[in-house]
Amino acid sequence: MDDIDRNIVNTLQTGFPICDAPYNKVAESLGISESDLLARLQALLANGTLTRFGPLYNAEQMGGALTLAAVKIPAERFDEVTEIINAFPEVAHNYARSHELNMWFVLATETPEQQQHTINAIEQQTGLTVYNMPKLKEYFVNLRLEA
């Protein structure tokens, strides 16, 4: 990553303009061309420096639901259960943990009712209990990672 890439990453963490030509507006603020900005973003995604580039939505404000869930998976079944859980489109991402509850994952559903339906389906397909841990209160952290 060179200084221009760092500047792109740092700048885009603080917001993205809503206008007819947002990439052009960002590029102008960075002193580069729109085509250079787009090429650099593609390169940062392709080489794994960025794993995703896109908006974050508040699912609950849109009528959906999010929850954190966990499962205790026997070590010999971990890969099998991971495949089953990852096959659900409602599973946003998951993490292996060195804990009794050794897989944690985020469920994002279009409605709150779908959340319990998905949990039930995962339990049925895996034969394991899913521990649902919905948030009680949301805190805005405003995390920025300096590139």
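The values are calculated or read from the model by the stated rules, or taken from the named source; none is laboratory data. Everything numeric in this text was worked out from a predicted model, so none of it was measured. Neighbour counts are summed over all protein chains in view; Cβ atoms, including those assigned to glycine, are modelled from backbone coordinates with ideal geometry. Heads up: the accessible areas ignore ligands, DNA and RNA and are worked out on the full protein's heavy atoms, side chains in. Shrake-Rupley method; radii C 1.70, N 1.55, O 1.52, S 1.80 Å.
Laid out as a table, the results:
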quantity	calculated
CD proxy at 222 nm, helix term only [per DSSP H run n ≥ 4: -39500 (n - 2.57); per residue of the chain; nearest 500]	-11500 deg cm²/dmol
Eligible aspartates and glutamates near K135 by straight Cα distance, threshold 19 Å, same-chain separation 8 or greater	E60, E90, E110, E113
Total formal charge among the other residues, if their Cβ is under 13 angstrom from that of P74, Lys/Arg +1 and Asp/Glu -1	-2
Set of the range 53-69 residues, backbone N closer than 18 Å to the point 7 Å along the Cα-Cβ line of N132	59-61, 63-69
Charge sum, other residues only, whose C-beta stays under 14 Å from T126's C-beta, Lys/Arg counted +1 and Asp/Glu -1	-3
DSSP-loop trypsin sites (Lys or Arg not before Pro) across the range 63-136, with at most 12 other Cβ within 10 angstrom	R97, K135
Helix 112-126 axis, angle to the chain major axis (alpha carbon atoms, nearest 10°)	60
Accessible surface, the range 1-134, averaged per residue in Å² (probe 1.4 Å)	63
Rg over Rh, two decimals, the range 100-147 (C-alpha only, Kirkwood Rh)	1.09
Crossing angle, helix 3-12 versus the chain [Cα axis fit, 0-90 degrees, rounded to tens]	60
P(r), alpha carbons of the chain - 5 Å bins starting at zero, rounded %	2, 8, 15, 15, 12, 13, 13, 11, 7, 4, 1, 0
Sites matching GluC sites (Glu not before Pro) across the range 99-140 that sit in DSSP coil, with at most 16 neighbouring C-beta atoms within 10 Å	E100, E110, E138
F140 versus E60: modelled label distance in nm, points set 7 Å from Cα along the beta carbon direction	1.4
Rounded percent of accessible protein surface that carbon and sulfur make up, the chain, 1.4 Å probe	53
